1. Would you mind finding the one in B:Thr419, B:Thr471, B:Thr484 that is within 36 Å of the chain's Cα centre (by Cα) and either within 22 Å of B:Leu528 (Cβ to Cβ) or of a type in the set (S, T, N, Q) (or both)?
2. Sort out which residues of the range B:184-199 are touching a helix residue (DSSP H, G or I) at 6+ places or on another chain (Cβ under 7 Å) and more than 15 Å from B:Asp276 (Cα to Cα), and write them in order of number.
3. Can you report the number of residues in the range A:193-222 which are within 14 Å of chain B (Cβ to nearest Cβ) and assigned to a loop (DSSP other than H, G, I, E, B)?
4. So if I check each of B:Gly215, B:Gly204, which one is modelled with pLDDT under 90, in a loop (DSSP other than H, G, I, E, B) and in contact with a Ser or Thr (Cβ under 9 Å, 6 or more places away or on another chain)?
5. Residues that are surrounded by 16 or more Cβ atoms within 10 Å (Cβ to Cβ): find the helices (runs of 4 or more DSSP H) completely inside the range A:67-173 holding 2 or more of those.
6. For the range B:1-110, which helices (runs of 4 or more DSSP H) that fit wholly inside it have 3 or more residues that are more than 30 Å from A:Ser29 (Cα to Cα) and more than 12 Å from chain A (Cβ to nearest Cβ)?
7. Under 6 Å between Cβ atoms, which residue pairs at least 6 apart in sequence (or on different chains) link something in the range B:645-658 that is at pLDDT 80 or above with a partner that is loosely packed, with under 15 Cβ neighbours inside 10 Å?
8. Can you name the condition, by its number, that B:Ser763 falls short on among (1) modelled with pLDDT of 60 or more; (2) closer than 30 Å to B:Thr495 by Cβ; (3) surrounded by fewer than 19 Cβ atoms within 10 Å (Cβ to Cβ)?
Amino acid sequence: MKRQLRLTAAAMLSAGAALALLAGCGAPSYTYAADSADHAYFKVPASWQQVSPAKLAEVQNAFLTNSAAGAAGGAFTWSRAYAAAAKPAITSLLTGSASPVVYASVQNLRDSLRASLSFDYMRDLLFPVTSEAREEAAAEGERLTGFDLVASSTITAPGGVRGINELFEYDVNGEPDAFDQTVLTNSDTTKLYLLLVQCYQGCFASHAAQIKAVIDSFTVRGS
Amino acid sequence: MPTSASKRDARRQRRQARLAAAGLTRRALVPWDRLKFIILIIVVWFLIVWYQMANNPVLGFSDAARQQLQLGSGAGRWLVLLLGLEVLRQIYYLITEHSRHAYRASAGFFGRSEHLTHRAASDYTRFRLSRAFKWLLLIAVVAVILGLVYHTTPVNGLFQAPATIYHLLPDILIFVFYMLLVVAQFGMLFWFLSRGGVDVYNPGDITTRFADVWGQDHVVERVQENMLFLDDPESIEDHGGYVPGGILLWGPPGTGKTLMAEAIAGETGKPYVFVDPGAFINMFFGVGILKVKGLFRKLRKLAVRYGGVIVFFDEADSLGSRGGSVGGQPGVQGYNPASPLAGCHGFSYLSANTQSMLLGSDPAGADPAPRRTGVFRQILPAGAGMMGGGGMGTLQALLTEMSGLKKPRGFVNRVVRRTLGMRPKPPPKYRMLIIMATNMPSALDPALLRPGRIDRIYHVGYPSKDGRKRTYEGYFAKVSHEITPEQIDQLATMTPYATGATMKDLVNESLIVALRDGRTTITWPDVLRAKLTKSVGPAEGVDYVDRERHAVALHEACHAVTSYLTQKRKQIETATIQKGGETLGFVKPIPVEEQFTSWRSEFDAEIMVFVASLVGEKMFFDGDSSSGVGSDLQQATAISLHMESRWGMGGQIGSIAATMAPQDAHPILDGTDRNVLETALGKRAEARLETLAERTRALLTENRASVLAVGHALETYRTISGQDITAIMNREQGPVVDGRPYGQPDFIAELETYHLSAMAVQSRGRSLPLPVPSRHVTPELTVIPNTTIPNTAELRPESAD
């Protein structure tokens, strides 16, 4: 009886130790970003660095306020950015980055937009992607060149979450820049979720596996 | 076969156990004690990992586990730290279990630190510090949990919690309301159940006065003394005494205990609280306690308001006992109709004193009034184990309340004042007079009767003759009557053990008899008829065959004549041949006055009265006799044996009572001592019986005519009073029976002839050839209401051939 108890105890200790060893082999392989309030989650490789909130706010003010994203709603309720490079420049956070950069945000949708929100609106959230938007941009004098739509799909997730995923390229600084943009909204169309991963074409290809893991991990839990 | 390694292990364990036993090493922990905290920490750690995974759908187990092992972040790091400490502790234990030096060093270190802390702070300070530390630890744990819940720092979590509670307040209130509703259901139920059973009479409601209590003057005097103290408590309190707060009135039923309590209330002008005997019989546990507490709350209020209160517990024996009975208190042991001795003539010839002695009970408490049979008079609630029904904590609550009147009371008084550093105010003097009445003091709990609860115990016994006279006068004064003072005196003499209740009943029954005759004024014959009705009771409605009726009449006549001639301190109350429940008839002599001792001459006379039936039957029926003498002989033998063996009235002084064990055993009565009659003692008792039987035979032979006369009267009237027997014996006119014809020799001769014919038939088993002689008698008088007394025509045999 005693022997049995000892064996059990030894077994439990061994199991605990094994788990501890298994878990403690190293640091976690990914960094997990979570917005529990809005139920948005994604992960990035542990080696990627988080962009400071101050820098992120600067970027949002400088670049996003004039875009469709800026018009979509009020303040960003949550945002995170991670870069593979140690100190990414502010200018390379959304375009023209030599190493992968991921930007994610959650914002409230304006009431006027809730009824008219479309997948095309989502596609053109940051850059003109649809032909109409590109033409309109050209007419307005935008000098964006080298557009190439690599992949386009719509997403329907459990809990009423739906949206789009676009992989497209624009030439930035004379070099093709790849953008993977995922835009989602929740079942009652009150929130807009954005995940953008971008870097130059060569970088994108070379980091394809890591980028895919980031994009695949992006999850919005429906209600 | 054990291996050498296992042998080594065993040797090591034994050595370790030896060292531990000698106090040189730490006693080895059992594996569970060694591992329990480690297991607990691991389990909690897994729970945290699981919680993190549940909160983040993209987080896998591996990364979640790694996160919780990161010492730089994550809630699990504390657990890892704790796990490390626990492992270190166990390693330390393990070392001190095996190493004497390490154990000694650790004991020295901790001993010193313990000594230092003892010097630094007192035990109470250490206790307070420890308590403060525990509170802080608890707050810290709660803060950490709140921090996790609110996704903020523990300190912020602690400050956010009240806001959350505030927001949840409506829900909390609804929940509390529902809970209170459930509790209130029970509360209301118990509140309703704890109502009732207590009646409060305000001063002036009660008009009873001591003048209404007749025949209990000695008790009234003592009770009045109590009342003086209640009305003027300072008269005793100023001298260092205290007001006696409790009185127990005990005595036979109907002797005026309740009336006396009412009179006390009426005389003092204090509120009077009457507690029903059934007030503490409850269905549920706790209701009785609530009732007691509610009762005393009310009593205290009344006592403060009116300067005193009187509470009366009627039938206090219903409060029950916790098992023990009152030691040393005289029990109210009395005549028991179910007794084996209540046979044909049963106990009726014996004084109450002798009855008690024969039953082995205390003679001081002798009481011829029928005692209530059965365990007690109440239905016990299901599940109540204590006899007496006032159980389930009720009695204990009562005891506490009765002795707890001097404690400070009230929440504000006891708690608030003390919290503010003030001493609680002592309670006002609650002046309560608790009166309890019972006819079974032995059923009371001894704790109830201790001084301080019940200070005085008064016996409310049977009224004295003067008391009875006064009582009869009182009750007769309320009705129209023609009873003379001499007759009232005679009635008081005739009813020695009458109580107030029975006297009131007798007067009422007399009125009924008068009303039945179409009169509204009670006459002396009405009283006598009513008395006969009360003493004999209703007839069974069956009749004897003629020859048996004659035999029973002679049987009872022998008892009656012998009693009349030998028992000078008694007078016959009733003689009857009316068949009752257990008797064919009886003669009931009663003492003229209450007496507490019996003498040898009286016992001799009693034995003669008993054996008169056998002697008479043999004498009148030519040596033949019936089985109806069985119980007579049993009683005669019992008395004779007691005289020889216990009372020193025979040839022996020593008492066998001293050798009996247990004390209450009755070998003669319960039949365990079968051989007693074969012993020298038994032979002496038998010799006494024979001597007395011989004396009885001579007496009956000498008074043969009187026996025939009484027998004839009994056969004619079925039931006659003692005064009628006196009239027959003296050949004069009685209240009912005219005894004068029995003085005529030819009528006696006629009775002899009648008897001879009956005796002849007795042996042949046929009906009597002759009718009952009926000269000069007035048998049309119906003695017993609703009972048909056949007239002489009916007594005649249907076939005279």
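1. Exactly one residue qualifies, and that residue is B:Thr471.
2. B:Phe190, the sole residue that qualifies.
3. Residues in the range A:193-222 being within 14 Å of chain B (Cβ to nearest Cβ) and assigned to a loop (DSSP other than H, G, I, E, B): 3 in total.
4. Result: B:Gly215 is the single residue among B:Gly215, B:Gly204 that is modelled with pLDDT under 90, in a loop (DSSP other than H, G, I, E, B) and in contact with a Ser or Thr (Cβ under 9 Å, 6 or more places away or on another chain).
5. Here the list reads A:68-72, A:119-123, A:131-139.
6. Because the criterion is at least 3 residues that are more than 30 Å from A:Ser29 (Cα to Cα) and more than 12 Å from chain A (Cβ to nearest Cβ), the helices (runs of 4 or more DSSP H) in the range B:1-110 that meet it are B:4-21, B:76-98.
7. Qualifying pairs under 6 Å: B:Arg646/B:Ser655; B:Arg646/B:Ala657; B:Met649/B:Arg600.
8. B:Ser763 satisfies every listed condition except (2).
The values are calculated or read from the model by the stated rules, or taken from the named source; none is laboratory data. Because the structure is a prediction, the values reported are computed rather than measured. Methodologically, a virtual Cβ is constructed for each residue, glycine included, from the backbone with ideal geometry; neighbour enumeration extends over all protein chains shown.
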